[in-house]
Amino acid sequence: MTTQPDSSWTKSNWVLDNLPATTAGHGVNSNGVGMPGAADDGVGTAYAPPCSQGPGAKTYTFTLSALSALPTLSATASANTGAVVTAAISGQPVHQHGHRDRQLRQRGRCLPSATSR
């Protein structure tokens, strides 16, 4: 999952690779499916909540890629950042699906906006 704090960079909030092809979902607080990678917030190989600061709507993007071959990644999960995984799969996705959601900040919390899609 990524956010784009501004137009100059994309921040990885959650990196998860090597999901089995039979995976149909990923429940809240579930572990043991796929290999976690490193979030850009320095929290290690865990989900880093993206609740961005500042006014206005924020866009969060979930991208799922089905590949024709396993990418070459480090055996050390903390080395597999969003940028590393993106580079490793460049040129080989069979199918890629992205979902974007826009959130508005109100009273220090992130709330779904009326324009979520």
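Observations
- Contact map, region 3-28: residues that are within 11 Å of THR59 (Cβ to Cβ) and touching a residue at least 24 places away in the same chain (Cβ under 8 Å) paired with residues that are open to solvent by 70 Å² or more (accessible area, probe 1.4 Å) and among the hydrophobic types (A, V, I, L, M, F, W, C), Cβ distance under 9 Å, separation 6+ or inter-chain. Pairs shown: THR10/ALA83.
- For ALA24: the one exception among (1) open to solvent by 50 Å² or more (accessible area, probe 1.4 Å); (2) within 22 Å of ARG102 (Cβ to Cβ): (2)
- Some residue of region 51-60 being touching a Ser or Thr at 6+ places or on another chain (Cβ under 9 Å) and under 17 Å from GLN96 (Cα atoms): yes
Let's see how each residue does on (1) closer than 19 Å to ALA87 by Cα; (2) open to solvent by less than 70 Å² (accessible area, probe 1.4 Å):
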{"residue": "LEU19", "(1), (2)": "yes, yes"}
{"residue": "ASN31", "(1), (2)": "no, no"}
{"residue": "MET35", "(1), (2)": "yes, yes"}
{"residue": "PRO50", "(1), (2)": "no, yes"}
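The values are calculated or read from the model by the stated rules, or taken from the named source; none is laboratory data. On a predicted model such as this, the values are computed, not experimentally measured, just so you know. Quick reminder, even Gly has a Cβ in these numbers, built from the backbone with ideal geometry, and neighbours come from all protein chains shown. In case anyone asks, the SASA skips ligands and DNA or RNA and just uses the protein heavy atoms, side chains included. Shrake-Rupley method; radii C 1.70, N 1.55, O 1.52, S 1.80 Å.
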